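The values are calculated or read from the model by the stated rules, or taken from the named source; none is laboratory data. For clarity, every value in this text was computed on a predicted model and none was experimentally measured. Here Cβ is always computed from backbone atoms with ideal geometry, including for glycine, and neighbour counts include all displayed protein chains. All accessible areas refer to the heavy atoms of the entire protein, side chains included, with ligands and DNA or RNA removed. Shrake-Rupley method; radii C 1.70, N 1.55, O 1.52, S 1.80 Å.
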Amino acid sequence: MERTTHCFRWALAFWLAWMAVARVTAQELEAEIEKLPWKQGPGVAKFGGRAEIPYGKEFRMLTGPDAVQRLEMTGNEVDADTVLGLLEHKEGGWWIVLQFDEIGYVKDDEKNDLDADKILEGYKRGVEERNKRQGGRPTQVVGWHTKPRYNEATHNLEWAPLFKTGPARFINYQVRILGRKGVTRVTLVEDEERSAQTISEFRKAMDAFKYQTGESYAEYRPGDKVAKVGLAALAAGGVALGAAKFGLFAKLGLLFKKVWKLAIVAVVALASFIKKLFT
């Protein structure tokens with residue numbers, strides 16, 4: 001009994017110490033993020049004469065290198081040259097990343113040939129490979145939240161796989177906005193339980209996005225560079241290997257807002273440990 005009591009005290013002390021470190025780390029991260037040169041809404045973010053997006057008072061924005069720094073601070077590996085900006089919802093805590101791939105004009109002749117089952121299988125293989133390489137708690141592809149679909153009016157391709165890591169389920173909502181010279185990538189990561197409201201707000205925000213004159217999809221001219229990939233390849237390669245990683249680090253980016261969720265996990269683990277001691 002004395003040994004059990006000693007082990008219990010040790011475990012409790014370890015948990016309290018871990019919680020103290022988690023709080024300090026979260027607070028430090030939040031402080032550093034708040035120091036970034038956020039542009040508070042309402043405003044209009046302009047991306048180098050290529051595109052722009054108005055945003056309301058419920059948002060704040062970082063563009064260019066500042067957006068890259070925000071992503072890197074929370075562990076996201078990004079191609080800095082492609083990042084246009086990062087738009088964060090102040091109250092909801094969710095954020096979206098806008099990137100531009102100058103791959104040329106993507107023909108939409110595959111709009112009726114998007115094989116959702118085949119694309120999903122590709123995601124599963126990609127995530128399995130990622131799990132083997134990186135170790136840790138494995139991420140699973142649960143299925144589709146939103147199957148790939150193309151809007152001919154707006155020339156937007158969107159889809160959203162559903163992922164699971166332990167008990168956490170989250171979506172990785174992807175939008176590709178086709179332009180004359182390339183594709184704007186928009187990524188939203190959110191918990192499944194909050195996805196309905198967030199996606200509704202996300203779509204309203206993205207409805208305001210527009211290419212500048214001379215950059216839109218409709219302004220294609222013969223002789224312009226044509227991309228070597230089509231719609232199916234965009235959807236298949238969008239998050240095959242990066243979805244789980246991006247999703248996990250996006251959640252870490254909200255660590256300071258979710259530290260008590262981590263505390264609950266620790267309590268459950270501690271209870272399990274104590275139970276084993278007594279049995």
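A few points about this structure:
- Here Trp95 passes the criteria (1) within 23 Å of Val183 (Cβ to Cβ); (2) out of contact with any His (no Cβ under 8 Å at 6 or more places or on another chain); (3) not β-branched (Val, Ile, Thr) except the one numbered (2).
- Restricting attention to segment 77-98 and to residues that are surrounded by fewer than 19 Cβ atoms within 10 Å (Cβ to Cβ) and of a type outside the set (D, E, K, R), the residue that is farthest from Ser200 (Cα to Cα) turns out to be Ala80.
- Considered as a group, the residues in segment 137-157 that are in contact with a Ser or Thr (Cβ under 8 Å, 6 or more places away or on another chain) and assigned to a loop (DSSP other than H, G, I, E, B) include one that is surrounded by the fewest Cβ atoms within 10 Å (Cβ to Cβ), and that residue is Arg137.
- Close pairs (7 angstrom Cβ cut-off, 6 or more residues apart or separate chains): over 20 Å from Trp95 (Cβ atoms) in segment 205-217, of a type in the set (A, V, I, L, M) anywhere: Lys210/Ala51; Tyr211/Ala51; Gln212/Ala51; Glu215/Ala51; Tyr217/Leu178
- The selection criterion, being crowded, with 21+ Cβ neighbours inside 10 Å and within 30 Å of Lys46 (Cβ to Cβ), holds for Asn172.
- Remark: Leu188 falls outside the filter, which requires a residue to be out of contact with any Cys (no Cβ under 9 Å at 6 or more places or on another chain), at pLDDT 95 or above, open to solvent by less than 20 Å² (accessible area, probe 1.4 Å) and under 29 Å from Glu58 (Cβ atoms).
Quick grid of which residues meet (1) under 22 Å from Ala67 (Cβ atoms); (2) touching a helix residue (DSSP H, G or I) at 6+ places or on another chain (Cβ under 6 Å); (3) buried (at least 16 other Cβ atoms within 10 Å of the Cβ); (4) among the polar types (S, T, N, Q):
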{"position": "Gly135", "(1), (2), (3), (4)": "no, no, no, no"}
{"position": "Arg180", "(1), (2), (3), (4)": "no, yes, yes, no"}
{"position": "Ser195", "(1), (2), (3), (4)": "no, no, yes, yes"}
{"position": "Ile199", "(1), (2), (3), (4)": "yes, no, yes, no"}
{"position": "Phe209", "(1), (2), (3), (4)": "yes, no, yes, no"}
{"position": "Gln212", "(1), (2), (3), (4)": "yes, no, no, yes"}
{"position": "Tyr217", "(1), (2), (3), (4)": "no, no, yes, no"}
{"position": "Pro222", "(1), (2), (3), (4)": "no, no, no, no"}
{"position": "Ala235", "(1), (2), (3), (4)": "no, yes, yes, no"}
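- Screening Ile33 against (1) modelled with pLDDT of 80 or more; (2) in a helix (DSSP H, G or I); (3) surrounded by fewer than 15 Cβ atoms within 10 Å (Cβ to Cβ) leaves a single unmet condition, (3).
- Considering segment 42-65, and only residues there that are over 27 Å from Gly214 (Cα atoms) and surrounded by 13 or more Cβ atoms within 10 Å (Cβ to Cβ), the residue that is farthest from the chain's Cα centre (by Cα) turns out to be Glu58.
- Qualifying residue in segment 77-94 (condition: farther than 25 Å from Gln27 by Cβ, touching a helix residue (DSSP H, G or I) at 6+ places or on another chain (Cβ under 9 Å) and touching a residue at least 40 places away in the same chain (Cβ under 8 Å)): yes
- Selection status of Ala205, open to solvent by 30 Å² or more (accessible area, probe 1.4 Å), closer than 23 Å to Leu86 by Cβ and under 20 Å from the mean Cα position of the chain (by Cα): no
- Residue pairs meeting the criteria (Cβ under 7 Å; at least 6 apart or on separate chains; first within 13 Å of Leu234 (Cα to Cα), in segment 110-137; second open to solvent by 100 Å² or more (accessible area, probe 1.4 Å)): Lys111/Glu152; Ala116/Lys147
- Cross-chain or 6+ apart pairs with Cβ under 8 Å, segment 174-186 first and free of Cβ contacts under 8 Å to residues at least 60 places away in the same chain, then open to solvent by 10 Å² or more (accessible area, probe 1.4 Å) and among the charged types (D, E, K, R): Val175/Glu158; Val175/Arg185
- Flag if Arg137 is over 24 Å from Val183 (Cα atoms), among the charged types (D, E, K, R) and touching a Gly at 6+ places or on another chain (Cβ under 8 Å): yes
- Unmet requirement for Leu114, which otherwise passes all of (1) under 18 Å from Arg203 (Cα atoms); (2) open to solvent by less than 40 Å² (accessible area, probe 1.4 Å): (1)
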